[in-house]
1. So which residues in segment 39-69 are assigned to a helix (DSSP H, G or I) and either aromatic (Phe, Trp, Tyr) or closer than 17 Å to GLY107 by Cβ (or both), if there are any at all?
2. Tell me yes or no: at least one residue of segment 14-37 is aliphatic (A, V, I, L, M), outside any loop (DSSP other than H, G, I, E, B) and modelled with pLDDT under 90.
3. Have a look at LEU96, LEU49, LEU63 and point out the one that is more than 14 Å from the chain's Cα centre (by Cα), under 29 Å from GLN13 (Cβ atoms) and surrounded by 13 or more Cβ atoms within 10 Å (Cβ to Cβ).
4. Kindly provide the set of residues from segment 120-135 that are surrounded by fewer than 16 Cβ atoms within 10 Å (Cβ to Cβ) and β-branched (Val, Ile, Thr), ordered by number.
5. If you take the residues of segment 97-151 that are at pLDDT below 95 and β-branched (Val, Ile, Thr), which of them is nearest to MET69 (Cα to Cα)?
6. State whether the residues of segment 82-92 include one that is in contact with a Phe, Trp or Tyr (Cβ under 7 Å, 6 or more places away or on another chain), of a type outside the set (Gly, Ala, Ser) and closer than 17 Å to ASP29 by Cα.
7. If you check every pair at least six apart or on different chains, which have Cβ atoms under 6 Å apart with a residue in segment 54-78 that is over 10 Å from ILE36 (Cα atoms) first and a residue that is exposed (fewer than 12 other Cβ atoms within 10 Å of the Cβ) and at pLDDT 95 or above second?
8. Have a look at ASP103, ASP109 and point out the one that is loosely packed, with under 12 Cβ neighbours inside 10 Å and within 28 Å of ALA140 (Cα to Cα).
Amino acid sequence: MHQTDMQSQTSSQQIDREAVLLAERQWNDAILRRDIQAAKSYMDPFYHLIVGITGQPLSIFPLDAWLSMLPHYRIHEHHTDNIQITLFGNLAVCTLAHRQVADPIQGRDISGSFMLTDIWIRRDEHWLIAERHSSRLEPATAASTAHQENG
């Protein structure tokens, strides 16, 4: 590969990374506003949320179920500490360290620290979220102990 081709590829990847980051932020802003139409405009028709809960099978919420819950999301405080984006052509994986204080939804506590993994796909030159995985972050002491034992 020529240096010019490599620079073009790097430039293209940076443009894609910035487009995915912008879509990620705008989609999450729509969630905070509980704006169903705005949120849906970033979502693939086959979108689903997968939630991992200790001791239970994965909970899977398809697009329509997720959208019906959105008006009930009451997030009082939130902060995204870190976003990592990895590109694979027309697919992007965004991993977020996210904290929030929110009202329970359908009897489920949605306050806490989470690792969110969002899978974005490019369709017709637009980035759409196809899937989100949500799991609680380990306490720092547990993570430090596991790292020391495996290191």
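1. ALA65, TRP66, SER68, MET69
2. Scanning segment 14-37 turns up no residue that is aliphatic (A, V, I, L, M), outside any loop (DSSP other than H, G, I, E, B) and modelled with pLDDT under 90.
3. Every option except LEU63 fails the conditions.
4. Narrowing segment 120-135 to residues surrounded by fewer than 16 Cβ atoms within 10 Å (Cβ to Cβ): 123-126, 135.
Residues satisfying the conditions do not exist here.
5. It comes out as ILE105.
6. So far as segment 82-92 goes, no, none of its residues is in contact with a Phe, Trp or Tyr (Cβ under 7 Å, 6 or more places away or on another chain), of a type outside the set (Gly, Ala, Ser) and closer than 17 Å to ASP29 by Cα.
7. Every condition considered, no pair remains.
8. Every option except ASP109 fails the conditions.
The values are calculated or read from the model by the stated rules, or taken from the named source; none is laboratory data. Remember, it's a predicted structure, so these values are computed and weren't measured experimentally. Cβ: placed from backbone, ideal geometry, glycine included. Neighbour counts: every protein chain shown.
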